[in-house]
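Taking it in order: structure first as structure tokens, then the write-up.
Each value in this text was obtained by applying a stated rule to the coordinates, not by laboratory testing. The model shown is predicted, which means the values in this text are computed figures rather than measured ones. Ideal geometry is used to build each Cβ from the backbone, glycine not excepted, and the neighbour counts take in all protein chains shown.
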Amino acid sequence: MAERATMLETLSEIAGIASDTTWFLRLTACPRCRGRRRLLADDEGRGLHGLCLGCGEGLPAPLATERLPAAGRRVLVVDGDPGMRALLARSLVSAGFRVHLARDGSEGLVRARQVCPDALVTEVRIPGLDGFEMCSRIRERRPPEALPIIVFSGLDPTPHRDAVVRLLGAVHVDKAAGTGAVVDALRARS
């Protein structure tokens with residue numbers, strides 16, 4: 001039951017719907033996992049939202065039917081701020097990306113192994129393992145050409161920050177530029 005509660009919280013973030021919304025739930029087969037683990041939730045008649053309890057795959061938009069959307073690139077978003085995670089998720093989902101979320105660097109490492117994302121968007125100042133260290137560990141397994149990394153941060157430009165971003169083969173997007181700049185950066189690296 002706790003797993004469902006966590007998934008509903010994540011689903012609420014992605015869908016941009018208050019977590020106290022009444023959800024009508026049912027389990028269906030996840031096309032990615034090939035198992036009966038996808039949680040479909042109807043948010044009071046506004047449409048179906050889905051999130052797999054196995055692979056964490058989410059649907060990019062509310063659906064009026066059981067039909068799955070066209071496959072988009074998987075993007076892992078790592079940010080300690082729930083509001084920013086939700087804002088990034090909404091922007092990326094609207095642009096056609098499939099979004100996976102992590103709250104801190106340690107969870108980001110685990111999710112990166114689980115979902116094998118096509119791109120990573122991270123804040124630097126995240127709880128626990130910081131964004132640079134998380135990216136450094138991910139880079140040990142995934143080179144820049146295999147995994148674009150967007151550092152979405154409000155950190156002031158410094159030679160040290162810029163050197164670390166270059167060393168990681170990442171791109172820095174300032175938070176002041178907005179989430180649209182992240183979408184543009186991801187599309188430029190497709």
- Message: Given axes a ≥ b ≥ c from the Cα gyration tensor, I'd like to know whether segment 91-150 is rounded (a/c under 1.5), prolate (a/b larger than b/c) or oblate.
- Response: oblate
- Message: Test of understanding: what is the full-extension gain from R187 to D130, defined as 0.36 nm times their sequence separation minus their Cα-Cα distance?
- Response: 18.0 nm
- For H160, H172, order by how many other beta-carbon atoms lie within 10 Å, fewest first: H160, H172
- How big is the Rg/Rh ratio for segment 121-178, C-alpha atoms only, Rh by Kirkwood, two decimals? 0.94
- Query: To the nearest 20 debye, what charge dipole does segment 61-190 have about its Cα centre, counting +1 at the Cβ of each Lys and Arg and -1 at the Cβ of each Asp and Glu?
  - Reply: 420 debye
- Once you put a point 7 Å from the Cα of S106 and another 7 Å from the Cα of R137, both along the Cβ direction, what distance in nm separates them? 0.9 nm
- Item | Whole-number D in µm² s⁻¹ for segment 68-190, Kirkwood Cα-pair radius fed into Stokes-Einstein, 10 °C, 1.306 mPa s | 113 µm²/s
